[in-house]
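This report concerns only the one structure given below.
The values are calculated or read from the model by the stated rules, or taken from the named source; none is laboratory data. The shown structure was predicted, so the numbers you read here are calculated from the model rather than taken from an experiment. Heads up, the Cβs are rebuilt from the backbone with ideal geometry, glycines too, and the neighbour counts pull from every protein chain shown. These accessible areas exclude ligands, DNA and RNA; they are computed on the full protein's heavy atoms, side chains included. Shrake-Rupley method; radii C 1.70, N 1.55, O 1.52, S 1.80 Å.
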Amino acid sequence: MAYVDSEVGRLRTVLLHRPGPELARLTPRNNDALLFDGIPWVARAQEEHDAFAEALRSRDVEVLTLDALLEEALQEPAAREEAITAAVSGPHLGDSLRRCVRAHLEGLHPHDLTVALVAGLLSEEVHGGTGLVARLLEPHDFVVPPLPNLLFTRDSSVWLRDRVAVTRLAMPARARETTLTRVVYTYHPRFAGAQHVYEPTDEPLEGGDVLVLGSGVVAVGTGERTAPAGVERLALRLLGEGLATCVLAVPVAQRRATMHLDTVCTMVDRDAVVMYPGVAHSLEAYAITAGDEPGQLRVDGPRPFLDAAADAMGLDRLRVIDTGLHPVVAEREQWDDGNNTLAIAPRLCVAYERNTETNARLEKAGIEVVSIAGSELGSGRGGPRCMSCPVEREPLGPASGGGASPDME
Ligand SMILES: NC(=O)NCCC[C@H](N)C(=O)O
């Protein structure tokens, strides 16, 4: 069963992607375009990711992995056709080479096809024929670009109650990711019948910008990655289908360090966020609610985000736990994803171990921190929340007496 109606309800099922050979495609010449700030040591990144997955499994979270689901979905001819067509659709190929790459992919068993779709293909790995494009390519040029950011499963799909939003990723290096998540949610038997509330043909929208603050209250960052038109489209669908009563549009400055709303703010309890102090009190929100006529939206604001969020959630106020204390520490720890925690339950979250001050502040505020290593994983600029797509969370029941220990049941 798939159901997500909060950021902190007890996590039952999560979708991860264990990074693989696609990370080995990164070089100093392509890492900027592929949205990595360095060249990760692949084996160590895998060890770190395995420890992340184990931290979740050992707390009774079912961990689904994207490549395993994709391989199973690719047993279906229509799934293969959809994924292959997307992989060869780039304008760089030309008709002759496109035919050769398509033939190569069509000949692969689902396992090898999964690897090729994720890690991409170099010119030297395909019989490219004798056409002009094949002749002019260097052996190490990509004919199918790799998807090293697939690791950040948060961005390529979002579950909102029992519907899935398959997003449209704004950056060219990531655009093909959602052709794979779409294939999984359309063709894998586990998700048979799942209704899609958003599709990659809609306006740009990334899951890192979507925070389910509480039942029926969804905040959506807008800036570099999620277009205002993407927020509007999602709001129309959520409000129109009764999946939300209020959507908050939150403009986020378009900078590398703050590319998504979840790089500056994540929830750690039903009424608490860990937030970068550099923006905590300047972030604003427009409240979007249903208009008078069907299909119309009412837009109010802007107001301070923290006030608008508390109001929409029916709280007096949201508790804010700052990233770091000194502004320099806060800036460093925000860059290293100190604000990018993944809640397993109210007052229990996964965080990178390196953000020692932020983690100490979380513990002091009664939030138990499961710390994981992220020295290599972090080079893609994403933390535990970015690396996870919750598929099922238990609905939040009444608070269990306000004690400091996490609500695990
Ligand atoms: N939600 C997130 O903040 N995801 C991290 C995405 C990092 C990736 N390298 C990107 O630039 O899209």
Given the residues V164, V210, which is the only one that is within 16 Å of the ligand (Cβ to nearest atom), surrounded by 24 or more Cβ atoms within 10 Å (Cβ to Cβ) and in the same structural domain as M267 (by TED's automatic domain parsing)? V210
Looking at the range 245-295, what strands (runs of 3 or more DSSP E) fall wholly within it and have at least 2 residues that are open to solvent by 10 Å² or more (accessible area, probe 1.4 Å)? 246-251, 284-290
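Any residue at all in the range 338-358 that is surrounded by 20 or more Cβ atoms within 10 Å (Cβ to Cβ), among the charged types (D, E, K, R), in contact (Cβ under 8 Å) with a residue 12 or more places away in the chain and not in a loop (DSSP other than H, G, I, E, B)?
Keep residues of the range 338-358 that are surrounded by 20 or more Cβ atoms within 10 Å (Cβ to Cβ), which gives 338-352, 355, 358.
Retained after the next criterion (residues that are among the charged types (D, E, K, R)): 347.
If we keep only those that are in contact (Cβ under 8 Å) with a residue 12 or more places away in the chain as well, we get 347.
Right, trim to not in a loop (DSSP other than H, G, I, E, B) and you get none.
The answer is no, given that none of the residues of the range 338-358 is surrounded by 20 or more Cβ atoms within 10 Å (Cβ to Cβ), among the charged types (D, E, K, R), in contact (Cβ under 8 Å) with a residue 12 or more places away in the chain and not in a loop (DSSP other than H, G, I, E, B).
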Taking T226 and the conditions (1) open to solvent by less than 10 Å² (accessible area, probe 1.4 Å); (2) within 16 Å of the ligand (Cβ to nearest atom); (3) outside any loop (DSSP other than H, G, I, E, B); (4) over 20 Å from P145 (Cα atoms), which numbered condition does it fall short on, given that it satisfies the others? (3)
Which residue out of E333, E363 is assigned to a helix (DSSP H, G or I), within 16 Å of the ligand (Cβ to nearest atom) and open to solvent by 10 Å² or more (accessible area, probe 1.4 Å)? E333
When the range 1-44 is checked residue by residue, the ones that are within 18 Å of S371 (Cα to Cα), within 14 Å of the ligand (Cβ to nearest atom) and either outside the structural domain of R385 (by TED's automatic domain parsing) or more than 18 Å from the chain's Cα centre (by Cα) (or both) are none
Of all residues in the range 152-173, how many are touching a Leu at 6+ places or on another chain (Cβ under 7 Å) and in a helix (DSSP H, G or I)? 4
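Which one of S123, S157, S96 is touching a residue at least 12 places away in the same chain (Cβ under 8 Å), away from the ligand (no atom under 16 Å from the Cβ), of a type in the set (S, T, Y) and surrounded by 17 or more Cβ atoms within 10 Å (Cβ to Cβ)? Explain how you work it out, then say what you get.
On the way: S157 fails: away from the ligand (no atom under 16 Å from the Cβ); S96 fails: surrounded by 17 or more Cβ atoms within 10 Å (Cβ to Cβ).
The unique qualifying residue is S123.
Answer with yes or no whether V370 is aliphatic (A, V, I, L, M), in contact (Cβ under 8 Å) with a residue 60 or more places away in the chain and farther than 16 Å from T266 by Cα. Please lay out each step first, then the result.
Working: aliphatic (A, V, I, L, M): yes; in contact (Cβ under 8 Å) with a residue 60 or more places away in the chain: yes; farther than 16 Å from T266 by Cα: no.
Judged against the criteria, V370 is not a match.
Could you tell me whether any residue of the range 229-240 is of a type outside the set (F, W, Y) and in a loop (DSSP other than H, G, I, E, B)?
Of the range 229-240, the ones of a type outside the set (F, W, Y) are 229-240.
When the remaining residues are screened for being in a loop (DSSP other than H, G, I, E, B), the result is none.
No, there is no match, as no residue in the range 229-240 is of a type outside the set (F, W, Y) and in a loop (DSSP other than H, G, I, E, B).
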Residue under evaluation P146, criteria (1) surrounded by 22 or more Cβ atoms within 10 Å (Cβ to Cβ); (2) in a loop (DSSP other than H, G, I, E, B); (3) without any contact (Cβ under 8 Å) to a residue 60 or more places away in the chain, criterion not met: (3)
If you check L117 against the conditions, is it outside the structural domain of L16 (by TED's automatic domain parsing), modelled with pLDDT of 95 or more and assigned to a loop (DSSP other than H, G, I, E, B)? no
